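Comments concern the structure below.
The values are calculated or read from the model by the stated rules, or taken from the named source; none is laboratory data. Keep in mind that what you see is a predicted model, and the values were worked out from it rather than measured. Cβ: placed from backbone, ideal geometry, glycine included. Neighbour counts: every protein chain shown. Each accessible area value is taken on the protein alone, full model and side chains, heavy atoms only, with ligands, DNA and RNA left out. Shrake-Rupley method; radii C 1.70, N 1.55, O 1.52, S 1.80 Å.
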Amino acid sequence: MTTSATSVVRTRFAPSPTGYLHLGGARTALFSWAFARHHKGVFVLRIEDTDLERSTPEAVQAILDSMEWLGMQPDEGPFYQMQRMDRYREVIAKMLDDGTAYHCYSSPEEVEAMREKARAAGLKPRYDGTWRPEAGKTLPAPPAGRKPVVRFKNPQEGATGWNDLIKGPISFDNSELDDLIIARPDGTPTYNFCVVVDDWDMKITHVLRGDDHVNNTPRQINILRALGAALPEYGHVPMILGPDGEKLSKRHGAVNVMEYDKEGYLPEAMINYLARLGWSHGNDELFTREQLVEWFDTRNLTKSAAQWDPKKLNWVNAHYIKHCSDAELAERVAPRIRERQGDPGAVDLGAVMGLLKDRAETLNQLTDGAMLFCGPYTPVSPELAAEHLDDAAKTLLADFAGKAAALSDWSTEALDALIKALLAEHGVKMPKLGIPLRLAVTGQKQTPAIGAVLSILGRERVLERLAAL
Ligand code: GLU
């Protein structure tokens, strides 16, 4: 089925809240989101929380937080399947009425015996259709006191297929598909059935989901057909592999989306990187969210599994850091400095970001660097002092302090010029002054460019520390 030019594209992301949102889920959500945005359609969020044993409110919250962090707000929802039970029961009753579903009184043990029998005969294990109504067939009498399940009366002839948006044509013989249980003995609907009713009610036009659902699709299509519902188009996204070619898992590092926030990745870098995992626009590696929306097309989704590449993610993140304004980086890094008991207001944090951002891959690395300015000052250790702060060094530093105090302009340029002049005057090379100066002012032997460090630390602090030597 193709969407006519006038119908609104409606996509959905339908996570089961059984844990945090993982990278694969986030990427599926992103494709659905981008597809809806590209077509100026509607992106629906649906929480599939019917697995009461495994679903938790914390997982729901984690999913909502991750979606918000990545900037994929739904246009509709979140809808919760547990709040739609009446609707599912209503549709089940209607199907029973219409004869597209039927009560089956076979006990689980009986069904297992049927399967065993089929297996023994070299056939596919399946329910044998004892309770399936057919024209001219007399059904057994329901056993007293046994509550039936409801089974979908799946077509037995022909094939069910679709033209997958990613994988191309896929088809299953109907004879391969069992009469699916759509309601348990207590009346609660089953997973595939809820998905069908939701996709129908929510008028979903395009289902993009992980390819672990390919086997569910023919069953869902058959139920939709039985309901007289329009079929969405389906696209099944291949999974993400780790750098070693195995299914991406914790072994490969963090798979929880929010871990990446903690580690200092920018959401825009994450979006860019995740989009490239299985989707491409020519050779473009770096693009904005707006460009992704403009370019997104299911035709450019790849059939083969994508491979997680942490180095590339770092490269993408470094790009976004470099292109972020100093002020915005300061805003993003400030809470991280506070978390480490530092004071983000101790210096001009924007200037610190400007100094560090060309070489940082994550916000955490920027924070590491910023602690030189915002963390507590620890004077040089006696060992380093003994090694580097001899009399000659102290003379140099005293000369520097005197001349620096007289500077009218405390800029990086002015300080660099002063350092250069001193080196010439004393006939020494940079390390002879650079190392003692760094040690005296920061307590550390290695820092970013010393002129900039001194400028950011400010006249007062620098002179005070030099005086205390
Ligand atoms: N709830 C399913 C999952 O988390 C997704 C179902 C679907 O997209 O149809 O795997």
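Taking the range 303-332 as the range and being farther than 23 Å from Gly264 by Cα and either part of a helix (DSSP H, G or I) or open to solvent by 60 Å² or more (accessible area, probe 1.4 Å) (or both) as the test, the residues that pass are Lys303, Ser304. A search for C-beta distances below 7 Å between a residue of the range 168-194 that is among the hydroxyl-bearing types (Ser, Thr, Tyr) and any residue that is within 16 Å of the ligand (Cβ to nearest atom), counting only pairs 6+ apart in sequence or on different chains, returns Thr190/Ile182; Tyr191/Thr50. Residues in the range 104-116 that are outside any loop (DSSP other than H, G, I, E, B) and either open to solvent by less than 60 Å² (accessible area, probe 1.4 Å) or not acidic (Asp, Glu) (or both): Cys104, Pro108, Val111, Ala113, Met114, Arg115.
Taking the range 339-397, which residues are more than 26 Å from Ala318 (Cβ to Cβ), in contact with a Pro (Cβ under 6 Å, 6 or more places away or on another chain) and open to solvent by less than 30 Å² (accessible area, probe 1.4 Å)? If the condition is that a residue be more than 26 Å from Ala318 (Cβ to Cβ), in contact with a Pro (Cβ under 6 Å, 6 or more places away or on another chain) and open to solvent by less than 30 Å² (accessible area, probe 1.4 Å), then Leu389, Ala393, Leu397 are the ones that fit. If you go through the range 117-145 and keep only what is open to solvent by less than 80 Å² (accessible area, probe 1.4 Å) and not in a loop (DSSP other than H, G, I, E, B), you end up with just Ala118.
Within the range 36-44, identify whether any single residue is surrounded by fewer than 19 Cβ atoms within 10 Å (Cβ to Cβ) and in contact with a helix residue (DSSP H, G or I) (Cβ under 6 Å, 6 or more places away or on another chain), and answer yes or no. Yes, some residue in the range 36-44 is surrounded by fewer than 19 Cβ atoms within 10 Å (Cβ to Cβ) and in contact with a helix residue (DSSP H, G or I) (Cβ under 6 Å, 6 or more places away or on another chain). Just to be sure, is Asn163 more than 16 Å from the ligand (Cβ to nearest atom), polar (S, T, N, Q) and open to solvent by 40 Å² or more (accessible area, probe 1.4 Å)? Yes.
Output the number of residues of the range 107-135 satisfying the condition of being in contact (Cβ under 8 Å) with a residue 40 or more places away in the chain and over 39 Å from the mean Cα position of the chain (by Cα). Step through it out loud before you land on a result.
At the first step, the residues of the range 107-135 found to be in contact (Cβ under 8 Å) with a residue 40 or more places away in the chain are 124, 126-127, 129, 132.
Now drop any that are not over 39 Å from the mean Cα position of the chain (by Cα), which leaves 127, 129, 132.
So the count comes out to 3.
Candidates in the range 216-255 are the residues that are crowded, with 18+ Cβ neighbours inside 10 Å and of a type in the set (S, T, N, Q); of these, the one that is nearest to Ile170 (Cα to Cα) is Thr217.
In the range 47-70, the residues that are open to solvent by 90 Å² or more (accessible area, probe 1.4 Å) reach residues that are of a type in the set (S, T, N, Q) and within 12 Å of the ligand (Cβ to nearest atom) with C-beta atoms within less than 8 angstrom, at least six apart or across chains, in these pairs: Arg54/Ser16; Arg54/Thr18. Does Phe31 qualify as being among the hydrophobic types (A, V, I, L, M, F, W, C), in contact with a strand residue (DSSP E or B) (Cβ under 6 Å, 6 or more places away or on another chain), in contact (Cβ under 8 Å) with a residue 40 or more places away in the chain and open to solvent by 10 Å² or more (accessible area, probe 1.4 Å)? Considered against the rule, which asks whether it is among the hydrophobic types (A, V, I, L, M, F, W, C), in contact with a strand residue (DSSP E or B) (Cβ under 6 Å, 6 or more places away or on another chain), in contact (Cβ under 8 Å) with a residue 40 or more places away in the chain and open to solvent by 10 Å² or more (accessible area, probe 1.4 Å), Phe31 comes out as no. Only one entry of Pro155, Pro189 meets the criterion of being open to solvent by 30 Å² or more (accessible area, probe 1.4 Å) and either within 16 Å of the ligand (Cβ to nearest atom) or of a type outside the set (Gly, Ala, Ser) (or both), and that entry is Pro155. Residues that are among the small types (Gly, Ala, Ser) and touching a Leu at 6+ places or on another chain (Cβ under 6 Å) were ranked within the range 256-277; the one that is surrounded by the fewest Cβ atoms within 10 Å (Cβ to Cβ) is Gly264.
Being β-branched (Val, Ile, Thr), more than 30 Å from Ser325 (Cα to Cα) and within 16 Å of the ligand (Cβ to nearest atom) is the requirement here; does Val257 meet it? No.
Residue-level analysis places Arg209 outside the set of residues that are over 28 Å from the mean Cα position of the chain (by Cα), outside any loop (DSSP other than H, G, I, E, B) and at pLDDT 95 or above.
Looking only at residues of the range 10-34 that are part of a strand (DSSP E or B) and charged (D, E, K, R), we find that the one that is farthest from the ligand (Cβ to nearest atom) is Arg10.
Going through the range 357-391 one residue at a time, which ones are assigned to a helix (DSSP H, G or I), touching a residue at least 24 places away in the same chain (Cβ under 8 Å) and under 22 Å from Val462 (Cβ atoms)? Give the steps one after another, and end with the answer.
Within the range 357-391, the subset assigned to a helix (DSSP H, G or I) is 357-359, 363-374, 382-388, 391.
In the following step, the residues that additionally are touching a residue at least 24 places away in the same chain (Cβ under 8 Å) were identified as 357-358, 363-367, 369-374, 384-385, 388.
Passing the criteria: Gly369, Ala370, Met371, Leu372, Phe373, Cys374, Leu384, Ala385, His388.
Taken together, the residues in the range 217-247 that are within 12 Å of the ligand (Cβ to nearest atom), polar (S, T, N, Q) and in contact with a Phe, Trp or Tyr (Cβ under 8 Å, 6 or more places away or on another chain) amount to 1.
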